[in-house]
1. Determine the shape class of the stretch 8-83: with a ≥ b ≥ c the square roots of the Cα gyration tensor eigenvalues, call it rounded for a/c under 1.5, and otherwise prolate if a/b is greater than b/c, oblate otherwise.
2. What length, rounded to one decimal in nm, is gained on full extension from V14 through to A39, with 0.36 nm per residue of separation minus their alpha-carbon distance?
3. In what sequence, highest mean first, do 77-90, 6-19 appear when ranked by Cβ atoms within 10 angstrom?
4. With 29 Å as the limit, write out which pairs from K5/K162; K44/K138; K35/K68; K35/K138; K68/K94 have Cα-Cα distances beyond it, or answer none.
5. Report K44's accessible area, 1.4 Å probe, all protein chains in place, as a number in Å² to the nearest 10.
6. Ordering W141, W59 by how much accessible area each has at a 1.4 Å probe, largest first, what is the list?
7. Once neighbouring chains are kept in place and the probe is 1.4 Å, which whole percent of the accessible area of the stretch 39-102 is contributed by carbon and sulfur?
Amino acid sequence: YKDYKDPFGPSEYVRPDGSVAHPMNEEEMNRIADKFAEAAVTAKQLGFDMVMIHCAHGWLIHQFLSPKYNHRTDEYGPDSIENRARIVTEMIAKIHEKCGEDFPVQVLINGIEEMDENTKVSLDFDKELLYKNMVDAKADWLYNLPQWDEIFTPEKKEELYKEQKKAN
């Protein structure tokens, strides 16, 4: 974290290293969407058959979809899933504009939002609207990533953790 001189996100927040991320302005959001589209062009030129927009695991684009991180007061804000998903639908449009409508785009999202260590919120209702947004934006696949806790019991997680620790 310390290497980032000017961290940003959908809203202001304090990062784990204590630095404060500033809320992105429209120019910064457009630049990020353009960079995703440029990366898709590069992928296509290198022979890839599709691209994925990774909107999970707390990364930047996930933070826009997240009611936990997104506290904006503009058209990208948390009032509706359409607003929170706006940056993703803009990315899809830019990718199709540069790569063609026939170049597939997959969108990866989290299935459950972890608000804090004790509270998890299912995004089931929002997912339905999010699916509609992505279909309207011409996403070819929307992959709803199950939460770790939905897949493994505490005992299984402990076993995997021990195996991972031994491997390292």
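The values are calculated or read from the model by the stated rules, or taken from the named source; none is laboratory data. In this text, all values refer to a predicted model and were calculated from it rather than measured experimentally. Cβ placement follows ideal geometry from the backbone for every residue including glycine, while neighbour counts extend to all protein chains displayed. Just the protein is used for accessible areas: all its heavy atoms, side chains included, with ligands, DNA and RNA removed. Shrake-Rupley method; radii C 1.70, N 1.55, O 1.52, S 1.80 Å.
1. It is prolate, given that a/c is not under 1.5 and a/b is the larger ratio.
2. Numbers: separation 25, 0.36 × 25 = 9.00 nm, distance 2.88 nm.
That works out to 6.1 nm of additional length.
3. Output ranking for 77-90, 6-19: 77-90, 6-19.
4. With Cα atoms farther than 29 Å apart: K5/K162.
5. 90 Å²
6. Values: W141 125, W59 160 Å².
Ranked from most to least accessible, the order is W59, W141.
7. Details: 1710 of 3210 Å².
For the stretch 39-102, the apolar C and S fraction of the accessible surface comes to 53 percent.
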